[in-house]
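Just so you know, all these numbers are worked out from the coordinates, no wet-lab data involved. These numbers come from a predicted model, not from an experiment. Positions of Cβ are backbone-derived with ideal geometry, glycine not excepted, and every protein chain shown enters the neighbour counts.
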Amino acid sequence: MTRPLVAAVALAGVMVLVVGGCGSGDDGGDDDRNGVGEAVTTVVDESPVDTVEWVDDVPDAAEAEILVGLRVDDAEALAADEGWEVRVAVLDGEELFLTMDYVATRVNVEVTDGIVTGIVNFG
């Protein structure tokens, strides 16, 4: 007795399911497929798609300079008013570990003794 082979592949919203026997094809039945499976195709309604959201409040270097000289709390509050997010990238001269995700409205700053001393980059 052979065990059936089941394989499923999903590509571009189409699922292909193949079911067939394993072995030499001689399982004592009248099946003349020689172990080749049947293909069943099913179309999936929707594939998951990430959406893109356009942001108008992306800071530029000149605008972000308003954060320099402020205490971190005040810089975060001012940035929030502008629709930005502040992330400390360098703290007292030490570069911090950061995630690699990109946030268009995020300003990465350098902080020394609790004061924003520079803009590192955006994202």
Next on the checklist: Which three extents, in angstrom, do the Cα atoms of segment 61-122 have along their principal axes, listed largest first?
Outcome noted: 27, 26, 19
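Of the peptides 57-63, 74-80, how do they stack up when ordered by the mean number of other Cβ atoms within 10 Å, highest first?
Per-residue mean Cβ counts within 10 Å order the peptides as 74-80, 57-63.
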Checklist entry - Can you list the residues, at least 5 places off or on another chain, whose amide H is less than 5 Å from the amide H of Val120, using H built in the peptide plane? => result Asn108, Val109, Glu110
